[in-house]
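Shown next, in structure tokens, is the structure this report addresses.
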Amino acid sequence: MKHFSLRKLFLGCGALALFILAWKLVTDAKLVSPIFFPGPERTYAALVKGLSGGAMLSQTLETVQRMLLGWLLASFVGVFLGVLIGVSRRARAFIAPTLELLRPLPASAMIPIAIAFLGFSDNMVLVVIAFGALWPMLLATIHGFAAMEPRLYEVSALLGLSRAQVIWKLALPSAMPMILASLRLGLTISLILAVVGEMLASRQGLGQSILAASRSFRSPDLFAGIVILGAIGLVGSRLLSFAERRLLRWQAVSR
Amino acid sequence: MVVTQLSTRPRHGEGNSTPASGEARIRIFDVTLSYGSLQIIGGISLDIAPGETICVIGPSGCGKTTLLRMLAGLARPTSGSVELDGSVLGGPNRSVAIVFQDYGKALLPWRTAAGNVSLALEARGCPGAERLAITREMLEKIGLGRHADKYPAEMSGGMQQRLQIARCLAQEPKVLLMDEPFGALDAMTRQALQDEVLGLVATTGATMVFVTHDLEEAIYLGDRIICLQPNPGRVGRIVDVRLARPRNQLLTRENPEFLRLRRELYDLIKDDHQ
Ligand SMILES: Nc1ncnc2c1ncn2[C@@H]1O[C@H](COP(=O)(O)OP(=O)(O)OP(=O)(O)O)[C@@H](O)[C@H]1O
Ligand SMILES: [Mg+2]
């Protein structure tokens with residue numbers, strides 16, 4: 001077990017090293033103008049300077065906070081609506097097709113509407129994130145409820161569980177694997193939308209700083225920002241899969 | 001106490017296949033069930049006395065599971081009625097527990113053995129401390145005391161079926177329905193569980209309806225054996241089992257009466273299969 005994950009870690013690092021090497025080779029050979037495409041050393045220098053100097057650090061924190069708030073909002077709303085729709089077979093049959101249709105549109109279609117109502121504000125960005133990222137959680141909850149073992153409904157009726165107990169003790173736990181997977185997807189969407197929102201509404205954060213760097217041809221800063229975004233995404237998804245493994249221990253034993 | 005109906009186990013009158021109507025725990029009255037135009041159950045009537053153990057046998061597809069589901073309130077008869085203690089059974093009821101054959105689907109995989117038993121107690125609003133005590137007691141009783149913290153996926157088939165039985169007992173049912181509960185288990189586990197169930201039924205005084213494919217199991221467990229005939233499902237014969245209790249895997253199975261019953265049932269079933 002331990003041996004296996006060590007090997008995976010080693011392989012992962014190896015791939016990363018290869019990627020950085022290729023990056024360095026491409027920039028050293030000057031295949032692309034260094035003004036637009038800095039090498040790993042210059043990016044690293046910009047990263048260290050930005051994070052120690054403070055500006056980039058606070059922007060990172062802004063973006064992480066925005067992402068987390070939007071994600072939490074999306075998760076609560078998504079799961080809550082999912083439960084409302086999921087508990088009733090009729091509601092499911094009625095609403096689910098419409099949701100599937102709306103799903104590919106929302107994030108981008110939402111932005112002008114959100115701007116119209118909330119202006120270029122932090123709340124506007126938050127609403128855009130929440131609305132764009134709630135879909136995976138919403139659909140996972142609905143599908144999870146629909147996929148619950150029918151026998152368990154019979155068991156609940158025989159034991160005399162209340163409707164609330166069926167939701168809390170049977171339906172939600174049985175949908176949990178799907179919901180947890182969707183939380184990871186939702187976090188990625190939240191990060192993307194946080195950055196896009198910051199760029200559009202010029203709110204404090206990495207999105208804005210990346211945009212500013214690109215407009216003033218500070219390509220090392222631009223790349224440093226991208227590296228940080230990648231790192232946020234990686235750490236977030238790692239933390240969530242760790243939580244997932246802990247919460248789904250009962251599933252792991254069966255494999 | 002956990003066991004509410006600890007009365008001495010009333011045996012129904014010797015040789016009397018239908019107890020007087022007033023004292024029946026379950027009364028099945030001219031029950032039919034159809035899916036669309038297809039009749040599955042074609043008029044079954046049966047009175048089951050409190051504490052009695054009825055075994056149901058019959059060829060595959062003759063409606064044994066369907067009959068049991070009606071007794072559990074999970075399926076509604078198309079005509080006729082099922083009565084529990086004199087009142088019509090309108091749906092699932094806490095006093096009727098059922099052990100399903102597919103234990104894997106009936107258990108909550110995300111809950112430990114203790115958690116699965118506890119569900120029955122949570123359903124009736126039993127307070128936390130008491131819940132722990134009863135759960136522990138139930139698991140001890142069925143031989144899972146050391147496995148309280150295991151998840152179903154970590155348990156063998158026999159253990160999972162024990163767990164399902166423990167959860168049903170925690171429900172404190174008056175009637176215990178069993179649908180081929182040991183069909184998927186090996187012979188030794190099966191015999192051990194037969195004896196455990198007989199012991200539990202004897203101490204709780206529960207009434208049991210036990211569906212099985214296995215003639216010997218039916219004779220070993222039952223007070224009466226109902227032989228169902230197919231298309232549509234109906235009662236072919238009712239056979240009384242006059243074997244002393246407590247029963248014993250070796251002695252009971254060697255008893256000449258046991259062997260005679262086995263022969264009788266075998267001939268009956270063979271006729272149904274042509
Ligand atoms: N929901 C349903 N819709 C239509 N037909 C059904 C349904 N459930 C059961 N049947 C039919 O009813 C008949 C009796 O089924 P049932 O499951 O009660 O048989 P069984 O005696 O338990 O068989 P087995 O010994 O194989 O478990 C079968 O012919 C089956 O095809
Ligand atoms: Mg069956």
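The values are calculated or read from the model by the stated rules, or taken from the named source; none is laboratory data. Fair warning: this is a prediction, and the values are worked out from it, not measured in the lab. So basically every Cβ, Gly included, is an ideal-geometry build from the backbone, and we count neighbours across all protein chains shown.
Of the residues examined, residue A:157 is not one that is surrounded by 19 or more Cβ atoms within 10 Å (Cβ to Cβ) and within 14 Å of another protein chain (Cβ to nearest Cβ). The number of residues in segment B:125-148 that are over 22 Å from residue B:103 (Cα atoms) and within 14 Å of another protein chain (Cβ to nearest Cβ) comes to 3.
Just checking, does segment B:47-55 include any residue being within 16 Å of ligand 2 (Cβ to nearest atom) and of a type in the set (D, E, K, R)?
If we filter segment B:47-55 for residues that are within 16 Å of ligand 2 (Cβ to nearest atom), which is where we start, we get B:54-55.
Then drop every residue that is not of a type in the set (D, E, K, R), which leaves none.
No, that holds for no residue.
Restrict the check to segment B:81-104 and report whether at least one residue is at pLDDT 95 or above, within 16 Å of ligand 1 (Cβ to nearest atom) and farther than 28 Å from residue B:268 by Cα. Checked segment B:81-104: no residue is at pLDDT 95 or above, within 16 Å of ligand 1 (Cβ to nearest atom) and farther than 28 Å from residue B:268 by Cα.
Does residue B:191 qualify as being in contact (Cβ under 8 Å) with a residue 40 or more places away in the chain, surrounded by fewer than 24 Cβ atoms within 10 Å (Cβ to Cβ) and more than 18 Å from residue B:52 (Cα to Cα)?
On the way: in contact (Cβ under 8 Å) with a residue 40 or more places away in the chain: yes; surrounded by fewer than 24 Cβ atoms within 10 Å (Cβ to Cβ): yes; more than 18 Å from residue B:52 (Cα to Cα): yes.
Criteria met by residue B:191.
Take the conditions (1) within 16 Å of the chain's Cα centre (by Cα); (2) away from ligand 2 (no atom under 16 Å from the Cβ); (3) not assigned by TED's automatic domain parsing to the domain that holds residue B:109; residue B:189 misses just one of them, which is (1).
For segment B:3-26, the criterion of a residue being under 16 Å from the mean Cα position of the chain (by Cα), at pLDDT 90 or above, away from ligand 2 (no atom under 16 Å from the Cβ) and over 17 Å from residue B:176 (Cβ atoms) is satisfied by no position. Tallying residues that are within 16 Å of ligand 1 (Cβ to nearest atom) and farther than 23 Å from residue B:201 by Cβ within segment B:105-118 yields 1. Checking each residue in segment B:123-156 for being among the acidic types (Asp, Glu) and surrounded by fewer than 16 Cβ atoms within 10 Å (Cβ to Cβ) picks out B:130, B:140, B:149, B:154.
Please specify each residue of segment B:64-94 satisfying the condition of being among the polar types (S, T, N, Q) and at the interface with another protein chain (Cβ under 10 Å from one of its Cβ atoms).
Pass one, segment B:64-94, residues among the polar types (S, T, N, Q): B:65-66, B:78-79, B:81, B:87, B:93.
Scanning segment B:64-94 gives a single hit, B:93.
Of the numbered criteria (1) farther than 14 Å from residue B:27 by Cβ; (2) more than 13 Å from ligand 2 (Cβ to nearest atom), the one residue B:98 fails is (2). Within segment A:94-111, the set of residues being over 25 Å from residue A:192 (Cα atoms) and of a type in the set (Val, Ile, Thr) comprises A:95 only.
Do we have residue A:91 as loosely packed, with under 14 Cβ neighbours inside 10 Å, farther than 25 Å from residue A:192 by Cα and free of Cβ contacts under 8 Å to residues at least 24 places away in the same chain here? Steps first, answer last, please.
Values: loosely packed, with under 14 Cβ neighbours inside 10 Å: yes; farther than 25 Å from residue A:192 by Cα: yes; free of Cβ contacts under 8 Å to residues at least 24 places away in the same chain: yes.
Answer is yes for this residue.
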